[in-house]
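This report concerns only the one structure given below.
The values are calculated or read from the model by the stated rules, or taken from the named source; none is laboratory data. These figures come from a predicted structure and were not determined experimentally. Backbone-built Cβ (ideal geometry, glycine too); neighbour counts: all protein chains shown. With ligands, DNA and RNA removed, areas are computed over all heavy atoms of the protein, side chains included. Shrake-Rupley method; radii C 1.70, N 1.55, O 1.52, S 1.80 Å.
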Amino acid sequence: MRRAFLSLLLVVLPTAVEAEDSPITAAQQAQMEALRGEIATQIQLQAYDLLDELVFGWTEQPVFALETPVVLAGVSVPVGFGSGMQALVENHFAALIVKNPRTRVALTHCPQCTSVVVHSGAKGTIVARGVDEPEALSTVGTLSGSRHALFLDFEIEGSALVLRARITGLEPALPIIYAKTLSTSTSSPALLRSGDRLKSSAEAHREYVDALRGRGLYLVPIRIGVRTYATGSAAVRATPFPWLQAGVEGSLTQARSWVGSFSVGFSWAPELHVGWLAQGRVSRLISGSTSSLTGPDLYAFVGGSVISIHGQSALVFQEEVPDLNDLLGQLTGLEPDATFGAFQLGLELRLKNRIGAGIFLETLPSMGNAPAIGDYLDLGLIQFHSLGVEVSVCF
């Protein structure tokens, strides 16, 4: 921010000195406007940050014991920022109050409180804003149920933006019910906290650091899962298949709304089978537009696999019921095997993009005639033969 001010001075001062000989060029004027816009944006973000801190303090230690109507009596901003910044401050503050009912502050509309009122009495005629003359408001009965007024004053002092907030009682003595002064350096970036999940600056900073350290575009997921197959018309029943998978996962967007992965897996059961698979997935975030740093994320995914099974368990994936030739092959040491494709449709719940749990349905297009494989779900055009669950850890 200080560099921006210096740059602005470097542009303005030489121009002022040479104004008589060399008027401001279009390029210089554009540069000045860009610097002015950058400074204004930084000040506005800092104002938002101070408002967030103020309202967060109210959620931790409310000013009132019960929900209390309060009139936003005045908003003042540094010289040169005008009504535009006032409107931004009012809108952001109102949104914070609505999203955080724990503050116990209810904004109340009272047009007479901020308008000029005229009150005549035995002592004379008084012309003032309503909040500056509560006696006049109470006399004409225009307090709208509110007995408190809130003032938000922003000032720039050196390299700091200062917010002075005070709540006064709408009584003749104008007692101060609450006062708070917050300051931040205009050379430091704003925290940009979410309005509906306010947190302290230390918590927000810790989350940002954790995100920068661990929010890479690529992860290495390790999954442990179990697949079960529906029983078909044959008496042979498929046993559950445990799987251990590992691979690589990449985010297709910075918000991690689309994720793609590829993994290989291994399955083994004593005296039954050894299995291998290769799987690819595409996942879509359905719980929001961006992945959360604090809460769980829900993804829907589709995938495709090539699975190869060697051993006695492969008999259930054959298109014919095991016969005498199969039994003779086992006696001679010839193990059955089966290789087939599969497609998955499922959901996965992720926590901080590190730990996940998922469930999926799987269809085996080539198993339509396998008597030992049935259907968990028949949608007519597609039948789901397998149901799977899994847990994952990402590194």
Measuring from label point to label point, each 7 Å out along Cα→Cβ, what is the Tyr218 to Gln86 span in nm? 5.5
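Protein chains only, probe 1.4 Å: how do Ser159, Ser291 rank by accessible area, largest first?
Working: Ser159 40, Ser291 15 Å².
Ranked list, largest accessible area first: Ser159, Ser291.
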Could you report segment 243-394's accessible area per residue, 1.4 Å probe, as an integer in Å²? 50
Starting from the Cα of Ile382, step 7 Å along the direction of its Cβ; do the same at Leu349; then give the gap between the two resulting points in nm. 2.4
With a Förster radius of 22 Å, plug the Cβ-Cβ distance of Phe340 and Val274 into 1/(1 + (r/R0)^6) and report the FRET value to the nearest 0.05. 0.90
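Quick one: if the Förster radius is 25 Å, what FRET efficiency do Thr294 and Glu60 give, using the C-beta to C-beta distance and rounding to 0.05?
On the way: r = 17 Å, r/R0 = 0.70.
Computed FRET efficiency for Thr294 and Glu60: 0.90.
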Over all pairs of distinct alpha carbons, what does the Kirkwood formula give as the hydrodynamic radius of segment 347-395, in Å? 12.5
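Using only the alpha carbon atoms of segment 251-395, find the Kirkwood hydrodynamic radius as the inverse mean reciprocal pair distance, in angstroms to one decimal.
Details: mean 1/r = 0.0584 Å⁻¹.
Computed over Cα pairs of segment 251-395, the Kirkwood hydrodynamic radius comes out at 17.1 Å.
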Rounded to one decimal in nm, the spacing of the 7 Å Cα→Cβ label points at Ala202 and Thr228 is 4.8
For Thr25 and Ser115 in the same chain, what is the full-extension length gain: residue separation times 0.36 nm, less their Cα-Cα distance, in nm? 28.0 nm
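Nearest 0.05, what FRET efficiency do Thr41 and Val391 give at R0 = 56 Å with Cβ-Cβ as r? Intermediate results must be reported in sequence, preceding the final value.
Numbers: r = 45 Å, r/R0 = 0.80.
With a Förster radius of 56 Å, E is 0.80.
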